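Trainee: For reference, the structure I am asking about is given below.
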Amino acid sequence: MNAGFALNRGSRYNYGVKGDPIMEIVMFDKTNEQYMKEAAALLFECFPHSYPMDETEQEMKKLTEPDRIAIYAQDNGHLVGYIGAIPQYGITGWELHPLMVTEKYRAKGVGTKLIQALEKECAKRGGITIYLGTDDEFGKTTLSATDLYENTYEKIESIHNIKRHPYEFYKKNGYKIVGVIPDANGIGKPDIYMAKRIID
């Protein structure tokens with residue numbers, strides 16, 4: 001974890017792209033109507049198959065309920081990334097949901113910084129483990145289009161990324177595949193479960 005974050009103050013970091021822009025990672029303020037609308041639009045941009053545009057603002061209200069953690073990245077006065085967590089198993093296990101970065105800012109370290117900030121905040125609240133489900137609905141890994149009730153662990157062990165599935169991004173940030181839910185999204189369309197211990 002990056003101990004340099006002071007989320008209550010909206011600490012800044014330089015993510016090192018051309019021009020060296022400065023970005024803020026801060027706790028989300030749901031009273032800010034601009035950022036609520038931008039977060040809702042980002043939810044649709046990242047998950048159009050899951051959240052129709054006319055439902056995104058209502059979903060953002062759920063994602064920013066008081067018991068949840070909500071953190072965002074902003075640049076030049078606009079929201080460009082968002083990450084949230086839901087308390088599960090009391091306060092020791094937190095579900096990461098969702099992680100969103102607008103297309104222009106992807107592959108520039110924004111998602112990693114958001115994860116680091118989330119891990120720090122979860123740990124402050126008593127969290128030990130963060131877990132997430134990352135669906136493979138579109139044949140992006142070798143875990144799709146196969147019967148995961150057969151040779152389950154061998155197939156997980158030999159997973160390959162076919163079409164830039166995000167599980168490799170989470171793996172680079174220290175998350176491990178801990179299981180799958182076969183056919184969660186339809187036959188041959190699993191949910192891949194990943195987790196990370198966030199305390200020493």
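The values are calculated or read from the model by the stated rules, or taken from the named source; none is laboratory data. Worth saying up front: this structure is predicted, and the values here are computed from it rather than measured. Backbone-built Cβ (ideal geometry, glycine too); neighbour counts: all protein chains shown.
Trainee: Which residues, taken from the stretch 181-200, are in a strand (DSSP E or B) and either of a type in the set (Gly, Ala, Ser) or under 13 Å from LEU132 (Cβ atoms) (or both)?
Mentor: Scanning the stretch 181-200 gives ILE181, ALA184, GLY186, ASP191, ILE192, TYR193, MET194, ALA195, LYS196.
Trainee: I'd like to know if the stretch 135-152 contains one or more residues that are under 13 Å from the mean Cα position of the chain (by Cα) and of a type in the set (A, V, I, L, M, F, W, C).
Mentor: For the stretch 135-152, residues under 13 Å from the mean Cα position of the chain (by Cα) and of a type in the set (A, V, I, L, M, F, W, C): absent.
Trainee: Residue by residue through the stretch 140-155, note down the ones that are hydrophobic (A, V, I, L, M, F, W, C) and either over 15 Å from GLY188 (Cβ atoms) or exposed (fewer than 14 other Cβ atoms within 10 Å of the Cβ) (or both).
Mentor: Of everything in the stretch 140-155, just one residue is hydrophobic (A, V, I, L, M, F, W, C) and either over 15 Å from GLY188 (Cβ atoms) or exposed (fewer than 14 other Cβ atoms within 10 Å of the Cβ) (or both), namely ALA145.
Trainee: Checking ALA117 against (1) part of a helix (DSSP H, G or I); (2) of a type in the set (A, V, I, L, M); (3) without any contact (Cβ under 8 Å) to a residue 60 or more places away in the chain, which single condition isn't satisfied?
Mentor: The one condition ALA117 does not meet is (3).
Yes or no, residue by residue, for (1) among the basic types (Lys, Arg); (2) closer than 22 Å to ASP135 by Cα:
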| site | (1), (2) |
| --- | --- |
| GLU24 | no, no |
| ASP29 | no, no |
| GLU38 | no, no |
| PHE47 | no, yes |
| LYS61 | yes, no |
| PRO66 | no, no |
| GLN74 | no, no |
| ILE83 | no, yes |
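Trainee: Next question, about the same structure. Scan the stretch 78-100 for residues that are within 27 Å of ILE156 (Cα to Cα), among the hydrophobic types (A, V, I, L, M, F, W, C) and surrounded by 19 or more Cβ atoms within 10 Å (Cβ to Cβ) and report the count.
Mentor: So the count comes out to 6.
This table checks each residue for (1) of a type in the set (A, V, I, L, M, F, W, C); (2) modelled with pLDDT of 95 or more; (3) in a loop (DSSP other than H, G, I, E, B).
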| position | (1), (2), (3) |
| --- | --- |
| MET100 | yes, yes, no |
| THR112 | no, yes, no |
| THR146 | no, yes, yes |
| ILE159 | yes, yes, yes |
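Trainee: Only residues that are part of a helix (DSSP H, G or I), of a type in the set (A, V, I, L, M) and surrounded by 14 or more Cβ atoms within 10 Å (Cβ to Cβ): list them for the stretch 34-69, please.
Mentor: MET36, ALA39, ALA40, ALA41, LEU42, LEU43, MET60, LEU63 - these are the residues of the stretch 34-69 that are part of a helix (DSSP H, G or I), of a type in the set (A, V, I, L, M) and surrounded by 14 or more Cβ atoms within 10 Å (Cβ to Cβ).
Trainee: Scan the stretch 127-134 and tell me whether some residue there is within 30 Å of HIS78 (Cα to Cα) and of a type in the set (Ser, Thr, Tyr).
Mentor: Yes, that holds for at least one residue.
Trainee: Exactly one condition in (1) assigned to a loop (DSSP other than H, G, I, E, B); (2) under 16 Å from MET194 (Cα atoms) is not met by GLU150; state its number.
Mentor: (2)
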